[in-house]
Amino acid sequence: MKHRSVVALAVVVLVAIGGASLVAANVLGAERVEQHGRVSAADRPHGDQHGPEGALHRFRLGTINGQRLEPNRDDFAARTNADGPLLLFLPATRAKPADYQRFLGTALQDGYHVLGLDYWNLGKTLTGTCQADPQCYGAVQRNRFDGSRPSEFSSVRPSGSIVSRLRDAIAYLEDHDPNGGWGRFVRDDQDVAWNDVVVAGHSQGGGEAAYIAHIRSVQGALMFSSPVESFGAVHAAWMDRPGRTPVSRMYAIDDVRDVFGARIRGSWSVMGLDGASGPFRTDTAPPGTDADPHAILTDIRVGTPGQSHSRIIKDSTPLGPDGTPRMLALWQWLLHRFPSRP
């Protein structure tokens, strides 16, 4: 009997401790909502043992507002100083931030705060989804941006949208690296400080970056093998209207053998990126100091047309004899289009 009494007492103590821990977690969550103006994550984000200063830091977001993120693959972030602008990078269809570490590392060395962000990019490509429906493109991209206007083509919830994930990632990085200057990318009213953000992406992610630049005034936009948003004579309807970010702050690059090249160059033409003389053509040499082309076509034989679509930016990009990406000079030229501060 005495042994049973001791066991019962132990159970009561454990339950009490568990209840106290739950109350404490709820109080801390309430404080987080009060301080940051957002719903706290049910599961705290977790990352590797390295901080975001000086090297790429791998982390994964928790559930948001009790809703599990899908997909929820590793994000990557880093910074070298507290004053650089934010490079927000969005992967291609079914790709993940881990596939672009060479480029993200290049941006880091150039003084950017870097955030390779996972988002809903599963299923069909955007062109495969929308085909010849010009209104579909913007509807899908808006839904993935902020979770609004769900449709049969895309039904991302607000909690899983790019904006929500970006805010949650910044909150995590601000907590993890309080002297890193991450907090300035989200204002007190929870709006993103888009004027201090360079949006970038590959393929579908590059198209999303272009769309974000269309509806928000960003510091700049970089589009790799993208946007893939024309289908014959049809293109995304939003391209017919002037955007919040002028073409002078937008740059696109692709390889001449890209299997989706015709659709990409069609989008460039509609957006006015290729100018009067067409895209700047090169192997891997960047434009001269006095040149400022907004569309670049490379010719470096990186593989098949399908491989050409990816190897211009992914970690599978061709390397020189010293192990340096052959695209490095062009990557740096594009990254240098924007000042260290707006």
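The values are calculated or read from the model by the stated rules, or taken from the named source; none is laboratory data. Being a predicted model, the structure only gives us computed values, none of them experimental. For neighbour counting, all protein chains shown are included, and Cβ atoms are generated from backbone atoms with ideal geometry for every residue, glycine included. Heads up: the accessible areas ignore ligands, DNA and RNA and are worked out on the full protein's heavy atoms, side chains in. Shrake-Rupley method; radii C 1.70, N 1.55, O 1.52, S 1.80 Å.
Here are a few things to note about the model shown:
- Of the residues making up segment 315-332, not a single one is open to solvent by less than 40 Å² (accessible area, probe 1.4 Å), in contact with a strand residue (DSSP E or B) (Cβ under 6 Å, 6 or more places away or on another chain), of a type in the set (Val, Ile, Thr) and in a helix (DSSP H, G or I).
- Residue check, Asp258 out of contact with any Asp or Glu (no Cβ under 7 Å at 6 or more places or on another chain), surrounded by 13 or more Cβ atoms within 10 Å (Cβ to Cβ) and not in a strand (DSSP E or B): yes
- Residue match in segment 237-251 (condition: hydrophobic (A, V, I, L, M, F, W, C) and either in a loop (DSSP other than H, G, I, E, B) or within 18 Å of His309 (Cα to Cα) (or both)): no
- Residue list for segment 220-249, filter: under 21 Å from the mean Cα position of the chain (by Cα) and open to solvent by less than 10 Å² (accessible area, probe 1.4 Å): Gly220, Ala221, Leu222, Met223, Phe224, Ser225, Ser226, Pro227, Glu229, Ala236, Thr245
- The set of residues from segment 287-307 being of a type outside the set (Asp, Glu) and either more than 16 Å from Met223 (Cα to Cα) or at pLDDT below 95 (or both) comprises Pro287, Gly288, Thr289, Ala291, Ile300, Arg301, Val302, Gly303, Thr304, Pro305, Gly306, Gln307.
- Check on Pro339, in contact with a Leu (Cβ under 9 Å, 6 or more places away or on another chain), in a loop (DSSP other than H, G, I, E, B) and open to solvent by 40 Å² or more (accessible area, probe 1.4 Å): no
- Taking the conditions (1) more than 29 Å from Trp331 (Cβ to Cβ); (2) part of a loop (DSSP other than H, G, I, E, B); (3) of a type in the set (A, V, I, L, M, F, W, C); (4) free of Cβ contacts under 8 Å to residues at least 40 places away in the same chain in turn, Ala132 satisfies each one other than (4).
- Filtered by the rule that a residue be within 22 Å of Gly62 (Cα to Cα) and either open to solvent by 20 Å² or more (accessible area, probe 1.4 Å) or charged (D, E, K, R) (or both), segment 102-155 gives Asp118, Trp120, Leu122, Arg144, Asp146, Ser148, Ser155.
- Residue within segment 161-181 that is farther than 25 Å from Thr80 by Cβ, surrounded by fewer than 21 Cβ atoms within 10 Å (Cβ to Cβ), among the charged types (D, E, K, R) and in contact (Cβ under 8 Å) with a residue 40 or more places away in the chain present: no
- Residue ID - most open to solvent (accessible area, probe 1.4 Å), chosen from residues in segment 267-300 that are hydroxyl-bearing (Ser, Thr, Tyr) and out of contact with any Pro (no Cβ under 8 Å at 6 or more places or on another chain): Thr289
- Among residues that are touching a residue at least 40 places away in the same chain (Cβ under 8 Å), of a type in the set (Lys, Arg) and assigned to a loop (DSSP other than H, G, I, E, B), Arg263 is not included.
- Among the residues examined, Asn72 qualifies as in a loop (DSSP other than H, G, I, E, B), without any contact (Cβ under 8 Å) to a residue 60 or more places away in the chain and either out of contact with any helix residue (DSSP H, G or I) (no Cβ under 8 Å at 6 or more places or on another chain) or surrounded by 24 or more Cβ atoms within 10 Å (Cβ to Cβ) (or both).
- Criterion applied to Ile212, Ile253, Ile264 was being out of contact with any helix residue (DSSP H, G or I) (no Cβ under 8 Å at 6 or more places or on another chain) and open to solvent by less than 10 Å² (accessible area, probe 1.4 Å), and the one residue passing it is Ile264.
- Criterion: hydrophobic (A, V, I, L, M, F, W, C), closer than 30 Å to Leu330 by Cβ, in contact (Cβ under 8 Å) with a residue 24 or more places away in the chain and out of contact with any Phe, Trp or Tyr (no Cβ under 9 Å at 6 or more places or on another chain) - qualifying residue of Leu122, Leu126, Leu117: Leu122
- Yes/no for Arg79 being touching an Asp or Glu at 6+ places or on another chain (Cβ under 9 Å), open to solvent by 10 Å² or more (accessible area, probe 1.4 Å) and touching a residue at least 60 places away in the same chain (Cβ under 8 Å): yes
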